[in-house]
Amino acid sequence: MTPDQPALIVSSKKTYISATILRLQEQNKLSIEEAIKNHLTDRTIQLFESDGYDLDLIKIKHLLSHTSGIEGYADDVYLNWVDKNQKHRWTRDEQLELTIKDGNPLGKPDDTFNYTDANYLLCTEIIENVTKKPFYESMKALLKYDQFHFSNTWFPTLEPKNKETKSLVHQYWGEKNWDSYNHDISWDLYGGGGIATTTKELAQFSYNLFNDNIIKDKNTLNQIFKTIETKDGKDNKYGLGLSIGNVEGYKSYGHGGFWGTVVLYFPEMDTSIAVFILERDERILRKNVLEALVLELTLIKNKDVAN
């Protein structure tokens, strides 16, 4: 691996999706307070209503915060099937059907926090129905890829990579003997992941997002930090496509990914850090690297203050 090689960042994509939705709100093309029924296809509406979901009650913010009450499909049974069918090319509709087949509503919106990629499958459909373009094309435009020179950020299988971009790294899950190169990434594309990028561009996206360079309206951006309290009392520490945490005493905003990648923004230091670990089973190393980098930045900050 070299520092400028891209990797699949998987669930870190959720912050990209959330930012895209908020950009559409900034442009007055939708509101996260709207019912999702307003922006889904008739096919999807019929599918979810057939399982008892009230799509007039579920708002876009519920999808983004995983408080919709929708049951997920990405369980052990799904992963075992993927293990045996690694080259299967999934569609979003296929995964939405699996969502309905595998589970029933967990409750009404705000009842419970349940992290599930199905919420974000629906978000990508909403983006497409509002913009009338493929969601990944809309993301590029709305998140200002050209302005910030995100030339090494793309969706493998959905669009070609830049000719100058280096090859993807291999990413591993030792427990299952998985190598990312052996998989069709559509198994974790529409809701959970799909984006490939470099550590530099991932950190730059994070930094520009939280410094008002992508979403200019501060009131709109601030909604990404809001957690929704649920009746189950879970302290989920999750905003809108955003994990809220703490590293070595510093508040952090960001998202990790299935294979071992992560990006965090530290407002007190006005710094974004992206870390790629290539073995899923070694995610403790990701934590250790983050802590070491934060401590190093603290020493630099204290030294600058002293001088």
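The values are calculated or read from the model by the stated rules, or taken from the named source; none is laboratory data. The model shown is predicted, which means the values in this text are computed figures rather than measured ones. Here the Cβ positions follow ideal geometry from the backbone for every residue, glycine too, while neighbour counts run over all protein chains shown. In case anyone asks, the SASA skips ligands and DNA or RNA and just uses the protein heavy atoms, side chains included. Shrake-Rupley method; radii C 1.70, N 1.55, O 1.52, S 1.80 Å.
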Of the peptides 235-245, 18-28, how do they stack up when ordered by the mean number of other Cβ atoms within 10 Å, highest first? 18-28, 235-245
Set the bar at 27 Å for Cα to Cα. Now go through Lys140/Lys226; Lys61/Lys218; Lys226/Lys303; Lys29/Lys140 and name every pair that lies beyond it. Lys226/Lys303
Against the longest alpha carbon principal axis of the chain, how many degrees, from 0 to 90 and to the nearest 10, is the axis of helix 283-306 turned? 50 degrees
Trypsin sites (Lys or Arg not before Pro) lying in DSSP loop within the range 83-112, provided at most 10 other Cβ fall within 10 Å: Lys87
Taking the 0 to 90 degree range and rounding to the nearest ten, how far is the long axis of helix 92-102 tilted relative to the main principal axis of the chain, both from C-alpha atoms? 70 degrees
On the protein heavy atoms, probe 1.4 angstrom, tell me the percent of accessible surface of the range 124-262 carried by carbon and sulfur. 46 percent
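If you take every DSSP beta bridge fully contained in the chain, what fraction is antiparallel? Give it as a percent rounded to 5.
Working: 22 of 23 bridges.
The answer is about 95 percent antiparallel.
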Any idea what angle helix 118-131 forms with the longest principal axis of the chain, computed on alpha-carbon atoms, 0 to 90 degrees, nearest 10? 90 degrees
Of the peptides 181-193, 47-59, 158-170, how do they stack up when ordered by the mean number of other Cβ atoms within 10 Å, highest first? 181-193, 47-59, 158-170
Given the peptides 72-83, 261-272, arrange them by the average over their residues of other C-beta atoms within 10 Å, most packed first. 261-272, 72-83
How large is the helix-only mean residue ellipticity at 222 nm for the chain, computed as the sum of -39500 (n - 2.57) over DSSP H runs with n ≥ 4, divided by its residue count, in deg cm²/dmol to the nearest 500? -11000 deg cm²/dmol
Send over a whole-number figure in Å² for the accessible area per residue of the chain, probe 1.4 Å. 45 Å²
